[in-house]
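One structure, as structure tokens, below. Some questions next.
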Amino acid sequence: MNKKLTTSLLILAVAASAAGCSSGGNQGGSQTSSPSPSGGAASKQPDTDKPKPVLRELLPYNRYDPNDNPVTNYLKEATGYTVKYNMLPVENADEKLNLLMANQESYDFMKLNAGQFAQLASSGALEPLNELIDKYGPNMKRVISKGSWNGATMKDQILAIPELAGSGITAGYSMVYRQDWLDELKLQVPTTLEELVNVLREIKAKKKVIPLSGGKDPIQGEIGAAMGWLYGVANQMKVEGGKIIHLAEDPKTVEYLTFMNQLYTEGLIDPEWAINQPNTLIERFTSGQSFMYREGWWNGASITDALASKSPDAKIGILPPLKDASGAAHASASGGIGFFIGIPKWAPNKEETIKYLDKKFEEEIFKHLSLGQEGKHYKVEDGKYYPILPVFEEEWNFAGELLTGIDEEKYPVYWQARVRKNPVVQNYFETFQKNAKGITYNDALMFAPPIPEVSKNKQKLAKFTEDEFIKFITGAKPINQYDKFLQQWKADGGEEMMKAANSWYATVK
């Protein structure tokens, strides 16, 4: 029996023991729990004069000391709670977490990634929070959306407080290109696929460079969306016809791959598409070897600086989403739940933990936690939040690590202060979002809870799909073999995965 399986079985045994021991005296419980009879232990009024307990939180690893930090010092003062923090190790974090749970370590709450949450939730190690949140969580109920709560709910039991990604749902990628070359050749910025192909042909003929670079990245949503193929880097499933379909199953995928193969055959996309690494794409673009490629807004400053060091007069353009045949444009967006705040079944202070976590959502406390002190850590200009450097980075850089859920309306606005540490990155981020406003699409499972059949198959199927799509694009495998690929994809877990995804979707649609 392998080590991981042994530990998982230990967790299951411990969780079962904890559930048995807590029967009748559980402070949390699920929605189906019955109240205690009048005069019973559960009906006692809380002692408001009782000192608050010292709480313990388990955090992911990062390079700071949460027990000696301006942010945690502020939280202690603002909430009245003392919290002692521990981190998982940088290596073998999941194994360490499993051992801590198997030993019933007395943590009050834990900040878990999706995989860790799925493991502990499926093993029964997490306390159902429905009743606790109803009684002690008015603020978190107000600021966290139903979709996010759904993502932390399994079999009608809320098993964690969901923490949405800090930036919210945003456009992360766009095509960038050499605007100075378009100006030199007196070419207009393309707005449709047809115009894009014409521009790529002109660039190839007159500049003698790679028109469109890319590598090991066959799902080019910026191109596919212009033919109604709405997928992207983080978006491989969508809802169509009342059910969830995967891009592998979508009939439009053959049309998309055929188009990409035509670009490859004509020499309009990188001849080394099948092997290029991300650093190769940046090097080719910033050294003048390629005209266009897809990039994330976070790399805006680095590619701008690198290009300027080699070609001071060069100018980078950001391509707005291309329009489809009906004149509509679409942009891929990503986001979803980044972390799950879970409470172990055997945690000693469940009620006080929820009270503390809820207090962090109070408007002024949450704003200060997110940004620091106005005039010291941040300033407001034209309604936008800007960090005051270097003190923001010195004292408030790790504030995001200490969030335990977010105000989903306000935090994406606060979070943008971090983007504004660099004006070039700010411009890229804001331009990406402006171009995508009102036209975004996202993955159908963005707010789904962990689904075992999806977790088991998703990664291996994504790798298989990537490898096969690259073969179709480069011509290593003819497109008439697509049905054979799809049959293999289904047999290797695709059918099982999509059946489970649609079973979940039936409960929320």
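Of all residues in region 72-82 being farther than 17 Å from Phe109 by Cβ and in contact (Cβ under 8 Å) with a residue 40 or more places away in the chain, which is surrounded by the fewest Cβ atoms within 10 Å (Cβ to Cβ)?
The qualifying residue surrounded by the fewest Cβ atoms within 10 Å (Cβ to Cβ) is Ala78.
So, in region 230-245, of the ones that are of a type outside the set (Gly, Ala, Ser) and under 16 Å from the mean Cα position of the chain (by Cα), which residue ends up surrounded by the fewest Cβ atoms within 10 Å (Cβ to Cβ)?
Val233
Among (1) at pLDDT 95 or above; (2) assigned to a loop (DSSP other than H, G, I, E, B); (3) in the same structural domain as Val197 (by TED's automatic domain parsing), where does Asn276 come up short?
Of everything listed in (1) at pLDDT 95 or above; (2) assigned to a loop (DSSP other than H, G, I, E, B); (3) in the same structural domain as Val197 (by TED's automatic domain parsing), Asn276 misses just condition (1).
Taking the residues in region 325-375 that are in a loop (DSSP other than H, G, I, E, B) and among the aliphatic types (A, V, I, L, M) as candidates, determine which candidate is nearest to the chain's Cα centre (by Cα).
Ala333
Would you mind telling me which numbered condition in (1) farther than 30 Å from Asp68 by Cβ; (2) modelled with pLDDT under 95 Ala114 fails?
(1)
So that you can scan it fast, the table gives a plain yes or no per residue for (1) assigned to a helix (DSSP H, G or I); (2) within 27 Å of Val254 (Cβ to Cβ):
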{"residue": "Tyr385", "(1), (2)": "no, no"}
{"residue": "Glu408", "(1), (2)": "no, no"}
{"residue": "Gln416", "(1), (2)": "yes, no"}
{"residue": "Tyr428", "(1), (2)": "yes, no"}
{"residue": "Thr431", "(1), (2)": "yes, no"}
{"residue": "Asn457", "(1), (2)": "yes, yes"}
{"residue": "Thr465", "(1), (2)": "yes, yes"}
{"residue": "Ile470", "(1), (2)": "yes, yes"}
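Within region 99-193, which strands (runs of 3 or more DSSP E) (wholly inside it) include 3 or more residues that are closer than 30 Å to Lys323 by Cα?
It comes to 173-178.
Among what's in region 283-298 and is in contact with a helix residue (DSSP H, G or I) (Cβ under 7 Å, 6 or more places away or on another chain) and crowded, with 19+ Cβ neighbours inside 10 Å, pick the residue that is farthest from Ile210 (Cα to Cα).
Trp297
Matching residues to (1) at pLDDT 95 or above; (2) touching a Lys or Arg at 6+ places or on another chain (Cβ under 9 Å); (3) of a type in the set (Lys, Arg):
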residue	(1), (2), (3)
Thr265	yes, no, no
Ile269	yes, no, no
Gln289	yes, no, no
Arg294	yes, no, yes
Lys315	yes, yes, yes
Ile318	yes, no, no
Asp324	yes, no, no
Ala329	yes, yes, no
Gly336	no, no, no
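Only one of Thr304, Thr280 is touching a helix residue (DSSP H, G or I) at 6+ places or on another chain (Cβ under 7 Å) and among the hydroxyl-bearing types (Ser, Thr, Tyr); which?
Thr304
So, in region 352-393, how many residues would count as being aromatic (Phe, Trp, Tyr) and exposed (fewer than 13 other Cβ atoms within 10 Å of the Cβ)?
0
Hey, can you tell me all the residues within region 433-442 that are surrounded by 16 or more Cβ atoms within 10 Å (Cβ to Cβ) and either not assigned by TED's automatic domain parsing to the domain that holds Asn299 or not in a loop (DSSP other than H, G, I, E, B) (or both)?
Hits for region 433-442 are Gln433, Asn435, Ala436, Thr440, Tyr441.
Determine if region 268-284 includes at least one residue that is out of contact with any Phe, Trp or Tyr (no Cβ under 8 Å at 6 or more places or on another chain) and over 28 Å from Lys463 (Cβ atoms).
no
If I filter region 362-372 for residues that are touching a strand residue (DSSP E or B) at 6+ places or on another chain (Cβ under 7 Å) and farther than 18 Å from Lys84 by Cβ, do I get at least one hit?
yes
Do any residues in region 302-325 that are farther than 19 Å from Gln426 by Cα have Cβ atoms under 9 Å from those of residues that are assigned to a helix (DSSP H, G or I) and aromatic (Phe, Trp, Tyr), where the two are at least six apart or on different chains, and which pairs are they?
Ala314/Trp181
What number of residues in region 257-273 are assigned to a helix (DSSP H, G or I) and either closer than 19 Å to Thr465 by Cβ or of a type in the set (D, E, K, R) (or both)?
6
Shifting gears a bit: Take the residues of region 315-345 that are within 30 Å of Leu132 (Cβ to Cβ) and of a type in the set (Val, Ile, Thr): which is surrounded by the most Cβ atoms within 10 Å (Cβ to Cβ)?
Across region 315-345, the extreme among qualifying residues is Ile343.
The values are calculated or read from the model by the stated rules, or taken from the named source; none is laboratory data. This is a predicted model, so every value here is computed, not measured. Every residue, glycine among them, receives a Cβ derived from its backbone with ideal geometry; neighbour counts consider all protein chains shown.
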